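Read-outs: derived from the displayed coordinates by stated rules, not from any lab. Values in this document were obtained by computation on a predicted structure and should not be read as measured data. A quick note on method: Cβ atoms are made from the backbone with ideal geometry, for glycine too, and the neighbour counts reach across all protein chains shown.
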Amino acid sequence: MAAYPFADIEQKWQNFWQEHHINTTQDDFSKPKYYILDMFPYPSGAGLHVGHPVGYVATDIIARYKKMKGFNVLHPMGFDAFGLPTERYSMVTGIHPIEATAQNVETYKRQLGMLGLNYDWSREVNTTHPDFYKWTQWIFLKIYNSWYDKVLNKARPIDELPIPSELTDDIEIDKYRDEHRLAFIANIPVNWCEALGTVLANEEVDEWTGKGYTVERRPMRQWMLKITEYADRLLEDLEPLNWPTSTKEMQKHWIGKSVGAEISFPVLGEEDSIRVFTTRPDTVFGATYIVLSPEHPLVEKITTDDCRIAVDEYRKQASLKSDLERTELSKEKTGVFIGEYALNPATKKEVPIWIADYVLAHYGTGAIMAVPGHDERDHEFASAVGLPIVRVVTSNPRYFEERLVNDNEPDITVAAFTDYGFNVDSFNNEVSLDGLPTQEAKEKIIAWLEETGIGERKVQFRLRDWLFSRQRYWGEPVPIMYFDDGTKRSLDEDELPLVLPEVENYNPAGTGESPLATVDSWVNFIDKKTGKHARLETNTMPQWGGSCWYYLRYLDPHNSNAFCDFTKQQYWMGDNGVDLYVGGAEHAVLHLLYARFWHKVLFDYGLVSTKEPFAKLFHQGMILGEDNRKMSKSMKNVVNPDDVVREFGADSLRVFEMFMGPLESVKPWATKGVEGVSRFLNRAWRMIANEEYELSEHVQDIQMTPKQEFIVHSLIKKVEEDIESLGFNTAVSQMMIFVNEFTQTEIKPRQAMETFVLCLAPFAPHISEELWRIMGKTTSVCLEKFPTWDADKLVQSTVEIVLQVNSKIRSKIIVSADAHQESIEQIALLDEHVQKHIGTMTVRKVISVKGKLVNFIVG
RNA sequence: GCGAUGGUGGCGAAAUCGGCAGACGCACAGGACUUAAAAUCCUGGGCCUCGUAAGGGGCGUGUGGGUUCAAGUCCCACCCGUCGCACCA
């Protein structure tokens, strides 16, 4: 028996959809909206493998379903096309990135179209098109021209920044403003690779050092975005989002809020004080030494002469280590004494100052008060180098009287006691924490610190400012120009976009600057607005730029006056933003945090109407190769969708990817599984169509039996609920059950067949369109209403009751659904299997669950 | 180490509120159709055990406990897998 002609059908209906603009989304504000979004792909040269479209198929099903439910659905697609792989490809081949990108995009669009994914391509965005990156630059400048008002808790225009009265000089005022901008220039240590002549992102370092390159930490001039100003809001607004727990937890941890205090430790014989941050100010009486990070600015100044050689050597060693090496697992802690002492402000005792690379320069103040009795790391270090360890907290509240700790509490010299407890030996002339539980001790000591001016309450975040420049060609140019007199200006809106120039080669300049620095005609010019000679910024933006706001451009992709019309934005984003965002879990932190940050800046300016961009987020699971390993060229286990579509058709591929298992799980590919799904679609076809591709003579206009109605309405209910909850695998199962049932039925009621096709349509749209036509319909099935189910049809006249004796199943009976409990129990008791197991024993108790079981407890 | 998440047949998996474990599919076995094969259709099946058979009995959702008439589902302890973070003071 021949398979249904999927190849002809799929081509035919894809053409039909395109010709009839089936998926062109209108801005019809009268309808309820549904905005469903896929994370847009980076168009790589390799094209798609079968793992890529799994999320796109899911969103396509939901989009088609929601449309059948009467929603105005926006389901757009675009390309995140800036990035290093394309630039590398261009270095090797000489093919311009624009051209390479265009080719790759074409391949992607062909493959996506082949799968019957009904994107509205009239809204396509591409981050590398000047029409698009004009607005990426525009938003960047919005950020650049802002400062963060901590009182109003929002970004405001830099012109509104209050200037301290003592600043009168223009240059000084400018500098003051620059320090407060949300985009600023800083000299920070980056991963510099001399041989490659470029900086590397943290995640790239491993790759290159593995190939034998050396990477060093070197301070360089970089653009930074002050995402840290939004730390609290990014944390708070996370809570109500309908996102996977794991992703919310990861973002929470990434932001890393911790509450404690900053305390000053005066350096003996110097004017300087060392500021430390601690979450346990209650342990200040146990601080027996101070540790500065090797990069701490005071090290240079206060190291004594006799310690200088050792200190310099240690600092040099530390600078050569990458972050990774410095934080390596179970590494012995090292450090050196710098020769100076500080005063513990609580105990008034002298404590030695050390440097050690277990203290990070970029967290807190880059210095700590070490409390070896109550911090594992400090304990480890103190034990290694022989510094004093004292107890100031114990779990035994009666420690005072007895000077004894609880049995389960370790000797303080052996291990740190890090739990909360009660303070001991924590007093001076002004304050005593003795006997107080940790929480109260914290409050009391902070009050004392603030009274005496020694320290203050402090909230610290792990989140760092965002390094926003790359020394690359293939990225958005930063639209800032510098004049010879040391002043600078950002481009005005009418000067955007600042377009990338043509270049001869894409290699880095060799000076730590991007390839753009070598294009003299682009970099150096006379500024038309000021008439002054100017030099352009040569850094470009990182790949995250475009993806921070692309979801807004889809709403109004051709607008040349704004990144997006506000009214359209209001309609499509609604109260909570994108209704459903589907994409890989690998973007759980970076992309999803950066996009939230940009969105909040736009929100502060009233340019978007929601606090958050993505109301609901879902991560689809990866599809592995048939060998259970990650699909990759080198493993030779890549399955190409083109092959699958050629052999089984796009509908089979779509339905199989949904049938494989839960959307969120990682699961291996199985060609045999596609065959199974293909069999199902063929059975569905034959259920309705005959060998001549006409309506089968077995499909007739007859009344459904109650049992058939039950099957039909169960199908509608299950498919509807499963699409809403993204449980596509069980929706497919239900459709299979339907086909199994009706294949065995001689005469198939036409009504049942129509309902089936409507339910199948979101999943397998091509075959559904064709079957719809075969059943004599003249419309497109995807423009039909989704069927509704009737609860009355799901009530069965008889039910099966399980009979148990002492909770073991011994028999089953079928009774009328409205039978009385007592009569069921009577029938049950007379059942021969039940009788056999009861035997001579007495029935002590009977448990009946309506419609389910009767359980006789005997003994 | 910390955080999240998962563990069910030979395989992918299902199971609403604690109520028939294994739906649906793959693979497998038997049968029908066929000269034959493919395709298709029908039937079977968790494991062990007793029985020639019909049929019966026991065990079974990572492990060990607990609650309950009843546990894949709830509680406690532990083991293993996956992902993320990892000296953040």
- prompt: Angle between the Cα long axis of helix A:6-19 and the longest principal axis of chain A, 0 to 90 degrees, nearest 10?
  reply: 70 degrees
message: Show me the three semi-axes of the equivalent ellipsoid for region A:641-793, from the C-alpha gyration tensor (sqrt of 5 times each eigenvalue), largest first, rounded to whole Å.
response: 24, 19, 14
statement: Looks like region A:1-125, by Cα gyration tensor root eigenvalues a ≥ b ≥ c and the a/c under 1.5 rounded cutoff (else prolate when a/b is bigger than b/c, oblate otherwise), is oblate
field: Dimensionless Rg ratio for chain A, taking C-alpha atoms and the 2.2 N^0.38 Å reference
entry: 1.20
- request: Run through all the Cα pairs of region A:257-461 and give the fraction in each 10 Å bin from 0, expressed as whole percent.
  value: 9, 35, 36, 17, 3, 0
- prompt: Which residue, chosen from A:ILE813, A:VAL849, A:SER797, occupies the Cα position most advanced towards the positive end of the dipole of region A:796-858, where the dipole is computed from +1 (Lys, Arg) and -1 (Asp, Glu) charges on Cβ about the Cα centre?
  reply: A:VAL849
- prompt: Any idea which of A:TYR35, A:PRO787, A:ILE827 is furthest toward the positive side of the dipole for chain A, if Lys and Arg beta-carbons carry +1 and Asp and Glu beta-carbons -1?
  reply: A:ILE827
statement: From DSSP H assignment alone, runs of 4+ in chain A each adding -39500 (n - 2.57), the sum over residues rounded to the nearest 500 puts [θ] at 222 nm at -10500 deg cm²/dmol
field: Part-to-part distance (alpha-carbon centres) for region A:493-542 and region A:797-859, which is given in Å
entry: 85 Å
task: Any chance you could check the Cα centroid distance between region A:569-604 and region A:671-686 for me, in angstrom?
output: 38 Å
task: Take the alpha carbon atoms of region A:656-724, find their radius of gyration, then divide it by 2.2 N^0.38 Å using N residues; give the quotient.
output: 1.46
- prompt: For region A:488-563, what is the per residue volume of the convex hull drawn over the alpha-carbon atoms, in cubic angstrom?
  reply: 131 Å³
field: region A:612-655 shape via C-alpha gyration tensor axes, a/c threshold 1.5
entry: oblate
task: Could you pull out every one of the lysines with an alpha carbon less than 23 Å from that of A:LYS331, ignoring same-chain neighbours closer than 8 positions?
output: A:LYS316, A:LYS321
- request: Compute the Rg to Rh ratio over region A:796-858 from the alpha carbon atoms, using the Kirkwood formula for Rh, and round to two decimal places.
  value: 0.95
- line: Under 5 Å from the placed amide H of A:GLU626, counting only residues 5+ away or on other chains, we find A:TRP669
query: Share of Cα-Cα pairs in region A:550-615 beyond 16 Å, in percent?
result: 45 percent
- line: Rounded to 0.05, the calculated FRET efficiency for the beta carbons of A:ASP131 and A:LYS529 at R₀ = 25 Å is 0.65
task: Would you please give the residues with an amide H less than 5 Å from that of A:GLN804, counting only those at least 5 places away or on a separate chain, with H modeled from the backbone geometry?
output: A:ARG810, A:VAL854, A:ASN855, A:PHE856
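Would you mind getting me the FRET efficiency between A:ALA7 and A:SER122? Use the beta-carbon distance for r and R0 = 35 Å, nearest 0.05.
Once the sixth-power term is evaluated, E becomes 0.80.
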query: Which of the listed residues, A:PRO294, A:ILE747, A:VAL351, is farthest toward the dipole's positive end in chain A, when Lys, Arg count +1 and Asp, Glu count -1 at the beta-carbon?
result: A:ILE747
- prompt: Roughly how big is region A:257-461's charge dipole about its Cα centre, with Cβ charges of +1 (Lys, Arg) and -1 (Asp, Glu), in debye to the nearest 20?
  reply: 280 debye
query: Magnitude of the Cβ-charge dipole of region A:665-771, K/R +1 and D/E -1, about the Cα centre, nearest 20 debye?
result: 500 debye
- prompt: What does the charge dipole of chain A about its Cα centre add up to, to the nearest 20 debye, if the Cβ of each Lys and Arg holds +1 and the Cβ of each Asp and Glu holds -1?
  reply: 2160 debye
query: How would you order A:574-583, A:795-804, A:261-270 from highest to lowest mean count of nearby Cβ atoms within 10 Å?
result: A:574-583, A:261-270, A:795-804
